[in-house]
Amino acid sequence: MKAAPYILKILIGILTITVFVPVIINKHLMFPYITDKNFAFRFLIELAAMLWGTLMVLDKTYRPKFSYLSLVYLYYVLALGLTSALGYDPFKSMWSTMERMEGGITHAHLFVYFIMLGSVFKNAKNWQYYIQTSLVVSFLMLGTGIADKLNGIETIRALIGNQTFVATYAAI
């Protein structure tokens, strides 16, 4: 039981670090605005899930609670998995392509992320820190977009690489 507070702090740290994933760019990859972000996100979620599993064994208060939103999201992910498995190209449906990386595997990671956030962030202080960190990253992202424009770059890509995605990110 004594390890639980340390695991919780590390887990909260990892979940908070995930908001920095959009600023990752590796120009050496074929799709530098997509693959590196997805690999980093999946790695962080899988690492966090292992810690979360340990935390749930040590302290049952961190087990997920029932909510209709979680149930609907679970049904969505299960339906997505089923249609992916029964589709024309199940491999591509599950894993997608290196250019998009938005298959069933990514959606499963997003679902686990959603459940972990709801189970681990128990108080307003944790949520406040998470949201403030996300806002800092958003301003960094939008600052790079403004810098693109000031430097004469016509297509604002910021750190995301696609002007439509930048606009969506800014709107959220």
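The values are calculated or read from the model by the stated rules, or taken from the named source; none is laboratory data. As the structure is a computational prediction, the values presented were derived from the model and not from experiment. Reconstructed Cβ throughout: ideal geometry from the backbone, glycine too, with neighbour counts over all protein chains shown. Ligands, DNA and RNA are excluded from the accessible area calculation, which covers all protein heavy atoms including side chains. Shrake-Rupley method; radii C 1.70, N 1.55, O 1.52, S 1.80 Å.
Residue separation times 0.36 nm, minus the C-alpha to C-alpha distance between PHE39 and LYS149: what's the value?
Working: separation 110, 0.36 × 110 = 39.60 nm, distance 2.88 nm.
Extra length available between PHE39 and LYS149 comes to 36.7 nm.
Taking the Cα centre of region 73-172 as the origin and placing charges on Cβ (Lys, Arg +1; Asp, Glu -1), which of ASN123, GLY87, PHE139 is farthest toward the positive end of the dipole?
About the Cα centre, the residue reaching furthest to the positive side is ASN123.
Using the heavy atoms of the protein chains and a 1.4 angstrom probe, tell me the accessible area per residue for region 53-172 in square angstrom. Spell out each step's value before the answer.
Working: 8050 Å² over 120 residues.
Heavy-atom accessible area per residue stands at 67 Å².
Okay, helix-only estimate at 222 nm for the chain: each DSSP H run of n ≥ 4 adds -39500 (n - 2.57), divide by all residues, round to 500 deg cm²/dmol; what do you get? Can you show the working numbers first?
Working: 7 runs with 116 residues, N = 172.
It lands at -22500 deg cm²/dmol.
Where does region 1-76 land on Rg(C-alpha)/(2.2 N^0.38 Å)? It would help to have the intermediate numbers written out before the result.
On the way: Rg = 15.6 Å, N = 76, 2.2 N^0.38 = 11.4 Å.
Dividing the Cα Rg of region 1-76 by 2.2 N^0.38 Å gives 1.36.
Please state the shape class of the chain: rounded when a/c is under 1.5, otherwise prolate if a/b exceeds b/c and oblate if not, all from the C-alpha gyration tensor. Working shown, then result.
On the way: a/c = 2.08, a/b = 1.28, b/c = 1.63.
Here the chain falls in the oblate category.
Determine the equivalent ellipsoid of region 103-172 by diagonalising the alpha-carbon gyration tensor, then write out the semi-axes as square roots of 5 times the eigenvalues, largest first, rounded to whole Å. Intermediate results must be reported in sequence, preceding the final value.
Numbers: eigenvalues 171, 60, 9 Å².
Here the semi-axes work out to 29, 17, 7 Å.
How long are the three semi-axes of the equivalent ellipsoid for region 68-144, computed from the Cα gyration tensor as the root of 5 times each eigenvalue, in whole Å, largest first? Can you show the working numbers first?
Details: eigenvalues 177, 75, 11 Å².
The three semi-axes for region 68-144 are 30, 19, 7 Å.
Let me check against my output: what whole-number percent is the relative contact order of region 56-130, with C-alpha pairs under 8 Å and at least 6 apart?
Values: 46 pairs, mean separation 21.3, N = 75.
Averaging sequence separation for qualifying contacts and normalising by length gives 28 percent for region 56-130.
Once fully extended, how much extra length lies between SER67 and VAL23, figured as 0.36 nm per residue of separation less the alpha-carbon to alpha-carbon distance?
On the way: separation 44, 0.36 × 44 = 15.84 nm, distance 3.21 nm.
In short, 12.6 nm is gained.
Does anyone have the angle between helix 4-17 and the longest principal axis of the chain? Alpha-carbon axes, 0 to 90°, nearest 10?
20
Quick one: compute the contact order of the chain, relative version, from alpha carbon pairs under 8 angstrom and 6+ residues apart, as a percent. Don't skip to the answer; put the middle values down first.
On the way: 158 pairs, mean separation 41.5, N = 172.
With pairs under 8 Å counted, the relative contact order is 24 percent.
How far, in degrees from 0 to 90, does helix 124-150 lean away from the longest principal axis of the Cα atoms of the chain, to the nearest 10?
That works out to roughly 10 degrees.
Quick one: what are the phi-derived ³J(HN,Hα) couplings along region 34-48, Karplus 6.51/-1.76/1.60 with θ = phi - 60°, whole Hz, x for glycine and proline?
Running phi through 6.51 cos²θ - 1.76 cosθ + 1.60 with θ = phi - 60° gives 10, 4, 5, 5, 5, 5, 5, 4, 4, 4, 5, 5, 5, 5, 5 Hz.
In a shell of Cβ-Cβ distance under 13 Å around LYS92, excluding LYS92 itself, what net charge do Lys and Arg (+1) and Asp and Glu (-1) give? The partial results should precede the final answer.
Numbers: positive: ARG100; negative: ASP89, GLU99, GLU102.
Around LYS92, the surrounding residues sum to -2.
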